[in-house]
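Enquirer: Handing you this structure, nothing more for now.
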2 protein chains.
Amino acid sequence: MRGVSDVQTNRADTLPEGAKAQRVYLSLRDQITGGALSNGDSLPGEQRLAETFGVSRVTVRRALDALAGTGLIERRAGSGTTVRNGQGEDKPVAMNFTTLMPQLVEMGHSTTARLLSFSYGTAPDFVARAMGLAANDEVQIATRVRSADDTPFSHLTTYVPAAIARNYSEDDLASQPLFALLERSGVEIEEAHQSVSATLAGPEVADALGIAVGSALLSLRRVVRDINGNGVEYLSGLYRPDMFRLEMPLTRVGQGAARHWEPAIGQDGEGTA
Amino acid sequence: MRGVSDVQTNRADTLPEGAKAQRVYLSLRDQITGGALSNGDSLPGEQRLAETFGVSRVTVRRALDALAGTGLIERRAGSGTTVRNGQGEDKPVAMNFTTLMPQLVEMGHSTTARLLSFSYGTAPDFVARAMGLAANDEVQIATRVRSADDTPFSHLTTYVPAAIARNYSEDDLASQPLFALLERSGVEIEEAHQSVSATLAGPEVADALGIAVGSALLSLRRVVRDINGNGVEYLSGLYRPDMFRLEMPLTRVGQGAARHWEPAIGQDGEGTA
DNA sequence: AAAATCTGTATTATCTATAATACTAATTTA
DNA sequence: TAAATTAGTATTATAGATAATACAGATTTT
């Protein structure tokens, strides 16, 4: 009854039931995947963890059970618990600032898209406002999940004015980046505004991304306008932080008071190899 | 025993305790903020919601209590529950891409900093690796919390090589952006690499930011290097998504195959007024 | 070998989320 | 006005998460 869950490498569907155990689990998990706890590191003892989190040892135990189930930690009686962060950081998909719009083509990974829903309807309030549409304007609403090497990493919902959206098909959406489709449709893209934030995974998104409800997600909102200032795309994207990072290499240019930062294009901070 | 919690407008501290209530809360919240439920919309009755989610009415009630606490819904006996997606978005602190390094000076808000901890020690593995230091190199480790209008919104931990850090005092850290202190110390900053992701609030950070353990946080890692390629600062920043957004206005420049995106400097997408 | 530390396991008690039910008061609808 | 629907409130019961405690087995340290 938990949707699609028995996948090959679903290391994420083991959330403990209790609320406190959940927090301990999620907190430790993020410390590991986030780099605060590296591979060989040994965790504090269960008793100490219990004190740190202000819960009982049983609760800590549940969280550790879940973590051990995902393979993130290894426990040995007498010795202790050590981090088993499957070594090399797993190379999450990195979206560079400058290659941001072209939506992750050629990333070294083979990314695929799956269309979850597709419909036409009136634009929601906040979309209409952001894009500068009338309240009754019709838009195409599509939700897609993108995967890298068969692991889903992003949940994207796009709103495109119906007049523009008619220029491409449903199949196009599943196979090509929306960005390319827009330009193919003759839209002259001029400006975009992006806002990055964070949120928690709700049931639907969690299911689609193969993660636990309550996991942290990177949230990105994007409004794209053409040369006339008309909104042509509204994107609401949710990304798994363990699979996806937004990278921004910067260099400092100019002299004196005019000295400021600019994106370092053409060079990757970490390398995408 | 929950640390500082009775703040004026902390709407982020309302995650329900129970696991089922959490799911209902997150699901409804996402439907609202995601646009599936717009402003004036009225929700189904509590009894119906209970049936839909397969939980009891008490559980639904908890979720709704939390939603009402955040101001996302409004409940009236006899009438029902309506979505109050308070449109104006509450104007959180917005950090523009181009003004990113100067760390939020002149934001329209009065931001203050509080020094949580301050010490010298050997750099953690991941810091040493990222900055290109030897494993035993000494660094200054400082943790600060920044607040806007007395509401904390960011939790920053910085690592600076001891040799550089000796050039400024502990008091300097509490009053000035680290960035300014570095340049004052004669460091010639040349390059930075930032990585944005998301994570969950652990006990310490949650307490410092006045939010609930398990809340979503925007996570930013920054490595700054000087003209010789030596790492001079490593920053690990956690930001409350309800108080902080990373904004990126972009424009499309160039022609043909060379057409690409560049940050639109000097113009704010939302306005910082 | 002894001591200390750790996970593994078990037991019991308590607290709390959840469920089921009933009722009141406000509001809308017929 | 009467009926229906709704949120607000309260009560009771149950199940499950959590806490507190104790001890055994494994491992490391002294």
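The values are calculated or read from the model by the stated rules, or taken from the named source; none is laboratory data. Since this is a predicted model, take the numbers as computed values, not measurements. All Cβ positions, glycine included, derive from the backbone under ideal geometry; neighbour counts span all protein chains shown.
Enquirer: Can you tell me which residue is nearest to A:MET95 (Cα to Cα) among those in segment B:175-220 that are more than 8 Å from chain A (Cβ to nearest Cβ) and of a type in the set (Val, Ile, Thr)?
Expert: Of everything passing the filter in segment B:175-220, B:VAL205 is nearest to A:MET95 (Cα to Cα).
Enquirer: While we're here: Here are B:ALA66, B:ALA36, B:ALA50: which of them is closer than 21 Å to B:PRO241 by Cα and more than 9 Å from chain A (Cβ to nearest Cβ)?
Expert: One residue alone meets the criteria, B:ALA66.
Enquirer: Pull up segment B:185-205, narrow it to residues that are under 21 Å from B:ARG114 (Cα atoms) and free of Cβ contacts under 8 Å to residues at least 24 places away in the same chain, then point me to the one that is surrounded by the fewest Cβ atoms within 10 Å (Cβ to Cβ).
Expert: Ranking the candidates gives B:GLU204 first.
Enquirer: Are any residues in segment A:45-79 within 14 Å of A:LEU28 (Cβ to Cβ), within 7 Å of DNA strand C (Cβ to nearest atom) and out of contact with any Lys or Arg (no Cβ under 8 Å at 6 or more places or on another chain), and if so, which ones?
Expert: Result: A:GLY45, A:ARG48, A:ARG61, A:ARG75.
Enquirer: Right, next: Just to check your reading of the model, which residue among B:LEU64, B:LEU26, B:LEU37, B:LEU49 is modelled with pLDDT under 95 and within 12 Å of DNA strand D (Cβ to nearest atom)?
Expert: Working: B:LEU64 fails: modelled with pLDDT under 95; B:LEU26 fails: within 12 Å of DNA strand D (Cβ to nearest atom); B:LEU37 fails: within 12 Å of DNA strand D (Cβ to nearest atom).
Unique residue meeting the criteria: B:LEU49.
Enquirer: Right, next: Quick one: is A:GLU262 closer than 29 Å to B:ALA216 by Cβ and either at pLDDT 85 or above or more than 7 Å from chain B (Cβ to nearest Cβ) (or both)?
Expert: no
Enquirer: Is there a residue in segment A:173-186 that is part of a helix (DSSP H, G or I) and among the polar types (S, T, N, Q)?
Expert: Yes; the residues of segment A:173-186 include at least one that is part of a helix (DSSP H, G or I) and among the polar types (S, T, N, Q).
Enquirer: A further question on this structure: Assuming A:VAL127 fulfils every condition listed in (1) modelled with pLDDT under 95; (2) buried (at least 20 other Cβ atoms within 10 Å of the Cβ); (3) away from every other protein chain (no Cβ under 12 Å) apart from one, which condition is it?
Expert: (3)
Every residue, every condition in (1) farther than 27 Å from B:LEU246 by Cβ; (2) of a type in the set (Phe, Trp, Tyr); (3) modelled with pLDDT under 90; (4) under 14 Å from the mean Cα position of the chain (by Cα), yes or no:
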| position | (1), (2), (3), (4) |
| --- | --- |
| A:ASP149 | yes, no, yes, no |
| A:VAL160 | no, no, no, no |
| A:GLN176 | yes, no, yes, no |
| A:LEU217 | no, no, no, yes |
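Enquirer: Continuing with the same structure: Which of the residues spanning segment A:1-16 are within 14 Å of DNA strand D (Cβ to nearest atom) and modelled with pLDDT under 80?
Expert: A:THR14, A:LEU15
Enquirer: Moving on. Of the residues A:VAL232, A:VAL223, which single one is crowded, with 17+ Cβ neighbours inside 10 Å and more than 10 Å from every other protein chain (Cβ to nearest Cβ)?
Expert: Going through A:VAL232, A:VAL223 in turn, just one is crowded, with 17+ Cβ neighbours inside 10 Å and more than 10 Å from every other protein chain (Cβ to nearest Cβ): A:VAL232.
Enquirer: Quick check on my filter: what residues within segment B:243-259 are touching a residue at least 40 places away in the same chain (Cβ under 8 Å) and either polar (S, T, N, Q) or more than 7 Å from chain A (Cβ to nearest Cβ) (or both)? Steps first, answer last, please.
Expert: At the first step, the residues of segment B:243-259 found to be touching a residue at least 40 places away in the same chain (Cβ under 8 Å) are B:243-249.
Hits for segment B:243-259 are B:MET243, B:PHE244.
Enquirer: Ok, one more. Can you report the number of residues in segment B:162-179 which are free of Cβ contacts under 8 Å to residues at least 40 places away in the same chain and under 28 Å from B:ASP149 (Cβ atoms)?
Expert: Number satisfying all stated conditions: 5.
Enquirer: Checking A:MET101 against (1) within 30 Å of A:LEU181 (Cβ to Cβ); (2) within 12 Å of chain B (Cβ to nearest Cβ); (3) at pLDDT 75 or above, which test does it fail?
Expert: Only one criterion in (1) within 30 Å of A:LEU181 (Cβ to Cβ); (2) within 12 Å of chain B (Cβ to nearest Cβ); (3) at pLDDT 75 or above is unmet by A:MET101, namely (3).
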